[in-house]
1. Run the simple label-point estimate for residue 201 and residue 15 please: 7 Å along Cα→C-beta, distance reported in nm.
2. I'd like the distance separating the alpha-carbon centroids of region 65-82 and region 1-38, in whole Å.
3. For residue 52 and residue 5 in one chain, what is 0.36 nm times their gap in residues minus the Cα-Cα distance, to one decimal in nm?
4. Tell me, what is the FRET efficiency for residue 72 and residue 96 to the nearest 0.05, using R0 = 41 angstrom and their Cβ-Cβ distance as r?
5. How many angstrom separate the Cα center of region 182-221 from the Cα center of region 98-161?
6. Provide the gained length on full extension for the span residue 25 to residue 252, in nm with one decimal, where the gain is 0.36 nm per separating residue minus the Cα-Cα distance.
7. Starting from the Cα-Cα distance between residue 132 and residue 145, subtract it from 0.36 nm times their residue separation and give me the gain in nm to one decimal.
8. Can you tell me, using C-alpha contacts under 8 Å and at least 6 residues apart, the relative contact order of region 64-164 as a whole percent?
């Protein structure tokens, strides 16, 4: 009987202690209320409450994520696209988060959808697809200002997808394919042009080098030919000088021998005849005749008569004409 009475009393005491002792985790804050009136914010740790009088509401202070459902949005160029996003936020004031907004998740979802329609509606499809960072920044700024009175700070906003209609996507794919084909064609043409320019420059350089080589070859050949002609002329000049020297020396020796032999006029006349004979044997068409040729012929005729007479002395022959002595008159026939 005592056990039956003692057990309920223990249960009541245990329930009383359980409702009086509350533990706030490090990532939480507690909103204390006494008889329905705000009393204060409980920090992490152990807190003793008055059972059935005090109550506590826990607020998670960690960063939270809200998924914004996809919605249809019309762009500035009248293209209907499907857009969805995610919002990252963290509570800064648990009191305002509890008392200033009844359903924060629903509120921030509707607020994000409305502002997405406004932002993307001012952009064309191409700008909307390429300006996600700008859209994220503007949307975060708008949501942060709107949720400040709710005790929440919007950390960041990310656009997950912007999906155009199927026909627009196909057209974009065809456009992208055509653009890539154009780029490939342009790149191939530029490569071909560069290769042709390089090949032409190589041919030009080779032609210049070949022409330079031929010019150098001709210069060297001309210099070699000129050197050969110069050497040959030098050799010919040396030969002629030697021949002339030899002839001069021979004539000098000949005349010296004649001078040493004390020649008379008859010998000189004979030498004249030999000279005339040598002139007559030449191939020249012109003959040079001395001015006293008549006197020479008279002396030669006297010599011939003396030789035919057989007894005429050479002393009796008329002297050979000279420059200061006219020739002797011929005997009458």
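1. Label-label distance for residue 201 and residue 15, simple model: 9.6 nm.
2. 50
3. The residue 52-residue 5 span can extend by a further 14.6 nm.
4. On the way: r = 34 Å, r/R0 = 0.82.
Computed FRET efficiency for residue 72 and residue 96: 0.75.
5. What the calculation gives is 62 Å, centre to centre.
6. Working: separation 227, 0.36 × 227 = 81.72 nm, distance 14.61 nm.
Length gained between residue 25 and residue 252: 67.1 nm.
7. Extra length from residue 132 to residue 145 when fully extended: 2.7 nm.
8. 42
Coordinate-derived values only; no laboratory data. Values in this document were obtained by computation on a predicted structure and should not be read as measured data. No Cβ is skipped: glycine too gets one built from the backbone with ideal geometry, and neighbour counts run over all protein chains shown.
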